[in-house]
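One structure is given below, encoded as structure tokens.
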Amino acid sequence: MLIGMTSEPEQQIGVGTPDAFQRLWTPHRMAYIQGENKPSGPGAEDGCPFCSIPAKSDEDGLVVARGEHVYAVLNLYPYNGGHLMVVPFRHVADYTELDGPETAELADFTKRAMVALRAASGAHGFNIGMNQGSVAGAGIAAHLHQHLVPRWGGDTNFMPVIGHTKVLPQLLGDTRAMLAEAWPAAVQ
């Protein structure tokens, strides 16, 4: 047990009615809640993180793989370990703005990501999708990105359901290295 920590419920003045719950603080999530890394406007020059990531090294940008038109990158605020995004290099907001080669490579990278996640982590299933526009839940609506969230049987436990907290068992840099190693050259 940490010094000064007890397992007994403790009343904290000013935080509401005392209860028997202990708190697992996740202050790193506050950066996301407060909009860190969100663009200041709709243009590529408005601080779009998806436009700046390709200029970084794979390790610094958490890039798993790069193609001609798209790249795969880990989500800084993952729903599950291994949560990837497939992002076009070109700054477009809407899926209908992609040209044929971009659309084809986005689909190909989605398949490759699934293969890599299954090989590296034994994922049983996936949630795959795009939020088009801020009203649909897009955190960065100005730059299209597709989410791939790996899922495992029994991965919904009390932490996210009751505690609204995700416990991630691996550092993002380690996850990136593992998935980059498992990334297939091509998928049939």
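Brief remarks follow.
- Among the residues of the range 112-147, those that are in a helix (DSSP H, G or I) and within 15 Å of residue 83 (Cβ to Cβ) comprise 113, 114, 116, 117, 118, 120, 121.
- Qualifying residue in the range 91-99 (condition: closer than 19 Å to residue 182 by Cβ, charged (D, E, K, R) and open to solvent by 10 Å² or more (accessible area, probe 1.4 Å)): no
- Answer residue from the range 124-146, given it is farther than 17 Å from residue 76 by Cβ and of a type in the set (Val, Ile, Thr) and is least open to solvent (accessible area, probe 1.4 Å) among those: 128
- Failed item in (1) farther than 23 Å from residue 188 by Cα; (2) surrounded by 16 or more Cβ atoms within 10 Å (Cβ to Cβ); (3) without any contact (Cβ under 8 Å) to a residue 60 or more places away in the chain, with residue 106 passing the rest: (1)
- Scope the range 44-102; condition under 13 Å from residue 146 (Cβ atoms) and part of a strand (DSSP E or B); matching residues: 70, 71, 72, 73, 84, 85, 86, 87, 88
- Scope the range 153-188; condition hydrophobic (A, V, I, L, M, F, W, C), open to solvent by less than 70 Å² (accessible area, probe 1.4 Å) and modelled with pLDDT of 85 or more; matching residues: 177, 179, 180, 182, 183
The values are calculated or read from the model by the stated rules, or taken from the named source; none is laboratory data. As the structure is a computational prediction, the values presented were derived from the model and not from experiment. For neighbour counting, all protein chains shown are included, and Cβ atoms are generated from backbone atoms with ideal geometry for every residue, glycine included. Ligands, DNA and RNA are stripped out before the accessible areas are found, and what is left, the full protein with its side chains, is counted by its heavy atoms. Shrake-Rupley method; radii C 1.70, N 1.55, O 1.52, S 1.80 Å.
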